[in-house]
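Working notes, structure below.
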Amino acid sequence: MIEYKLSNGITIPSVGIGTFLLEPPDAENSVREALKMGYRLIDTAAMYCNERAVGRGIRSSGVPREEIFVSTKIWPTEYENPHAVEDCLERLGLDHVELMFLHHACKDYIAGYRLLEKAYQEGKIKAIGLSNFEGEPLQKILKIAKILPHVNQVECHPLFPQEELRKVSDPLGMKIMSWFPLGGVRNKALLLENPLIKEIAEKHHKSIAQIILRWHVQMGFIVIPGSKNVSHIKDNISLFDFALDEIDMEKMASLNRHEMIHPRTEEALARYAALYPKYETE
């Protein structure tokens, strides 16, 4: 497993398992089985409504807690809640997490960022993350931050490799974590049925998904594909017995569309952020 060093010196695995859209029983099973297979990065969020299940999966895996890198996210309606960090930890059943994000750049995200800085100073989180922060909101955070963010989780894949964001994040040592690294449910055919990637996959005797995920790793991105299919979970971490060569990477670069395939309007984001997670009760 390739690991990256964050700007504060802690390390994070290059590949983890995401739990977006996983119902609690599936999230628990996927996390437990992934950890048994060698995964050491688990990503969840308050909005996913499966933090308790993720915690159960961690505890039932048999993997020592100190070997696991856990990341979760605070929802915008909680940015002004002084107990938001502790509430996340309670749901996970953990006394700290390695990384905590602000989930979206809306509502009072400055107040939310102050919560994360305080938790970081208290040792409750080991790194600070932003999710879906680009452009003006990211610049506002960078101007007021006492502790610069360590990771930004954003849409990122061969069709949109975040060229502009990398001009800001790379000099700061802020790593990019890719959500929907394979294109997402509604757009997966754009990548998973792409003839050029299929050609590269046949060359390396790998699946198209493995080629895309290996591209992420070689680009220096953290990648968190999610699945409830144990076979897919196993395949998604089988990325370190081959490498894409320069020609492969040039072909992958030619897929860049220079625009998101999941654009977010301010109106849509406001409606989305108004939702409040219905947390698990068991």
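What the table shows:
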| quantity | calculated |
| --- | --- |
| Strands (runs of 3 or more DSSP E) wholly inside region 1-91 containing at least 1 residues that are more than 21 Å from Lys234 (Cβ to Cβ) and in contact with a His (Cβ under 6 Å, 6 or more places away or on another chain) | 69-74 |
| From Lys73, Lys5, residue being free of Cβ contacts under 8 Å to residues at least 12 places away in the same chain, among the basic types (Lys, Arg) and within 21 Å of His150 (Cβ to Cβ) | Lys5 |
| Of all residues in region 218-276 being in a helix (DSSP H, G or I), aliphatic (A, V, I, L, M) and at pLDDT 95 or above, the one that is nearest to Ile74 (Cα to Cα) | Ile233 |
| Residue satisfying condition, being more than 19 Å from Tyr279 (Cβ to Cβ) and either in contact (Cβ under 8 Å) with a residue 24 or more places away in the chain or touching a helix residue (DSSP H, G or I) at 6+ places or on another chain (Cβ under 8 Å) (or both), within set Ile42, Ile12, Ile58 | Ile12 |
| Flag if Arg65 is surrounded by fewer than 21 Cβ atoms within 10 Å (Cβ to Cβ), under 26 Å from Lys228 (Cβ atoms) and of a type outside the set (Ser, Thr, Tyr) | yes |
| Which listed residue, of Leu130, Leu191, is over 22 Å from Met252 (Cα atoms), surrounded by 17 or more Cβ atoms within 10 Å (Cβ to Cβ) and in contact with a Pro (Cβ under 7 Å, 6 or more places away or on another chain) | Leu130 |
| Residue count for region 116-143, restricted to those that are over 20 Å from Leu6 (Cα atoms) and touching a residue at least 12 places away in the same chain (Cβ under 8 Å) | 2 |
| Hits in region 229-252 (condition: over 18 Å from Leu41 (Cα atoms) and touching a residue at least 40 places away in the same chain (Cβ under 8 Å)) | Leu244, Asp248, Lys251, Met252 |
| In region 95-123, the residues that are under 15 Å from His150 (Cβ atoms), surrounded by fewer than 16 Cβ atoms within 10 Å (Cβ to Cβ) and hydrophobic (A, V, I, L, M, F, W, C) | none |
| Cross-chain or 6+ apart pairs with Cβ under 9 Å, region 214-228 first and more than 15 Å from Asp170 (Cβ to Cβ), then among the basic types (Lys, Arg) and at pLDDT 95 or above | Arg214/Lys206 |
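The values are calculated or read from the model by the stated rules, or taken from the named source; none is laboratory data. Predicted, not measured: the structure shown is a model, and the values here were computed from it. Heads up, the Cβs are rebuilt from the backbone with ideal geometry, glycines too, and the neighbour counts pull from every protein chain shown.
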